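Can you keep this structure in mind? I'll have questions shortly.
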Amino acid sequence: MAGLNGLQGFKVLNLNVSVLPAADGSNVRGQVYIPNPTNISVQMGDVTQNLYVNGQYIGNNTIPNLTLVPGNNVFNFTGISDQATVLNLISTTYTNGILPVTIIGNSSVVNGQHIPYFEQALQSVPLHVDLDVGSALAAIGLNVTSSGHSSSTASSSTATATPST
């Protein structure tokens, strides 16, 4: 990941949550922005990442068929969120709806085969984002934050990641 500048500039875009899971079990959808400052394309396959808030697991997401090409990349992702844990965090500690999420790579799978060197690299570079979950929840009519987000003003979330050192 060092050659990719530690994924600096990584952003979560257009975060959407669902009360009811889709057929695949996912209850979160969105997009990620990943800049590639190199002139090399990297095929990483289906990339799964675990999500934590202060060390507490809150879910995972999967970016299917991730191939980084030189320049700016935007990929769709789906995720499975532990909604009870997220709602508890928002109602008790992060009442503004902004969760400090740590993203740690879990797996990289191409054609059913794990790619250990990508998995090790993804696991070694945790990303940190301040994720506006309150706005995403407000967009579906769940106003759970103390900041008074409303469903008419919030439809997506954008978060910028900072790699750990």
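The values are calculated or read from the model by the stated rules, or taken from the named source; none is laboratory data. Note that this is a predicted model, so its numbers are computed, not measured. Glycine also receives a Cβ, built like all others from the backbone with ideal geometry; neighbour counts cover every protein chain displayed.
Of the numbered conditions (1) closer than 19 Å to Asn16 by Cβ; (2) out of contact with any Phe, Trp or Tyr (no Cβ under 6 Å at 6 or more places or on another chain); (3) not hydroxyl-bearing (Ser, Thr, Tyr), Val74 satisfies every one except a single condition; which is it?
(2)
Here is a list of conditions, (1) crowded, with 19+ Cβ neighbours inside 10 Å; (2) at pLDDT below 95, and Val28 meets all of them except one; can you say which number that is?
(2)
Turning to a different aspect of this structure: State whether one or more residues within the stretch 15-23 are buried (at least 17 other Cβ atoms within 10 Å of the Cβ), more than 14 Å from Val129 (Cα to Cα) and out of contact with any helix residue (DSSP H, G or I) (no Cβ under 9 Å at 6 or more places or on another chain).
So far as the stretch 15-23 goes, no, none of its residues is buried (at least 17 other Cβ atoms within 10 Å of the Cβ), more than 14 Å from Val129 (Cα to Cα) and out of contact with any helix residue (DSSP H, G or I) (no Cβ under 9 Å at 6 or more places or on another chain).
State all residues of the stretch 3-57 that are among the polar types (S, T, N, Q) and under 23 Å from Ile140 (Cα atoms); if no residue qualifies, say none.
Asn14, Asn16, Ser18, Ser26, Asn27, Gln31
Okay, next question. When you go through Asn111, Asn88 one by one, which is the residue that is free of Cβ contacts under 8 Å to residues at least 12 places away in the same chain and farther than 16 Å from Val32 by Cα?
After ruling out the rest, the residue left standing is Asn88.
It is to be established whether one or more residues within the stretch 39-60 are touching a residue at least 60 places away in the same chain (Cβ under 8 Å), under 19 Å from Ser124 (Cβ atoms) and of a type in the set (Phe, Trp, Tyr).
no
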